[in-house]
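See below for the structure under consideration.
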């Protein structure tokens, strides 16, 4: 992109995008409020643990924020890991959590992040904080836009993609951003959710983590 015209047009579209995020975030938080109570009760009744899962993630320009999700794993699930490997004989995902993940309802509390201006509906998925130091300078450009609940990588393989491939899609999204692209991703996301494509119930770093090793 060269010249002031395209750059100004891009900035305008991003400003409209973030404005619509706040507006629809408020509207959807009201519309989905009825789901929060039954989901919260189901999580609490199953094992008595906390309803929500909060985790530090890098946001716009790498600034830290805390992402909100419905908890889908047993309390202290990371203590059951063997290093970074998941033991297939140990089930870390709760029964309620399986249902929430299959229906992508565990992401619903991220509307809080959208209303607060930390996230967008569509954008690069929030990266893991511990991955930050492993990114190349080119890969760090994925932080030039707010992270999203869904994005180009999520409609092209989701959790089955290698980390580097997800970042490639994120950079492609940022480079070619338009409101039309957001609309396209939105409709493709509906298909992915309905068909339950690319769902991984537990983490799978041994299959998808191909980022450079920490020095």
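FYI, it's all coordinate maths here, none of it is from the lab. All values derive from a computational prediction rather than experimental measurement. Here Cβ is always computed from backbone atoms with ideal geometry, including for glycine, and neighbour counts include all displayed protein chains.
Table for the structure above
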item	result
Least to most buried among 94, 136 (fewest other Cβ within 10 Å first)	136, 94
Directionally averaged shadow of the stretch 11-208, computed from the convex hull of its alpha-carbon atoms, nm²	11.0 nm²
Separation of alpha-carbon centers, the stretch 111-135 and the stretch 7-48, rounded to whole Å	14 Å
Whole-Å semi-axes of the stretch 143-188's equivalent ellipsoid (Cα gyration tensor)	16, 13, 9
Beta bridges by DSSP in the stretch 11-208, antiparallel share as percent, to the nearest 5	80 percent
Between helix 163-175 and the chain: long-axis angle, C-alpha atoms, 0 to 90°, nearest 10	30 degrees
Between 0 and 90°, nearest 10: helix 4-31 axis offset from the chain longest Cα axis	30 degrees
Crossing angle, helix 33-47 versus the chain [Cα axis fit, 0-90 degrees, rounded to tens]	40 degrees
Efficiency of FRET from Cβ geometry, residue 172 and residue 133, R₀ 22 Å, rounded to 0.05	0.40
Helix-only CD estimate at 222 nm, as mean residue ellipticity for the chain, using -39500 (n - 2.57) per DSSP H run (n ≥ 4)	-13500 deg cm²/dmol
